[in-house]
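Here the structure is laid out as C-alpha cells; the discussion comes afterwards.
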Amino acid sequence: THGKLDPTQEKGITPEALAVKILAAVEQGKDEVLIGGKEVLAVYLKRLWPGLYSRFIRRRAIT
C-alpha cells in the first residue's frame with residue numbers, strides 16, 4: 001500500500017545511514033560496496049558455494 005512499509009522494510013537501514021555508508025565507501029575508493037545485514041552473507045554464500053546457495057534459496061519462501 002502506498003505510504004506504508006512492510007515489516008521487512010521497517011527493519012531496514014534509514015536513507016541517511018545508507019548515504020553515510022555510501023559516501024564512506026566512495027571516499028575510500030571502493031569499487032564495490034555491500035550494505036545490509038544477513039543479506040550480505042547471501043552474496044558471499046552465492047560467490048563461494050553456488051550449489052549450497054541454490055539449495056538454500058529453493059527451500060526458503062522468499063517474497
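Answer yes or no: is there a residue in segment 43-56 that is aliphatic (A, V, I, L, M) and surrounded by fewer than 10 Cβ atoms within 10 Å (Cβ to Cβ).
yes
Could you please find all residues in segment 6-54 being at pLDDT 90 or above and assigned to a loop (DSSP other than H, G, I, E, B)?
Of everything in segment 6-54, those that are at pLDDT 90 or above and assigned to a loop (DSSP other than H, G, I, E, B) turn out to be GLN28, GLY29, LYS30, ASP31, GLU32, VAL33, LEU34, ILE35, TRP49.
The values are calculated or read from the model by the stated rules, or taken from the named source; none is laboratory data. Source: prediction; values computed, not measured. Methodologically, a virtual Cβ is constructed for each residue, glycine included, from the backbone with ideal geometry; neighbour enumeration extends over all protein chains shown.
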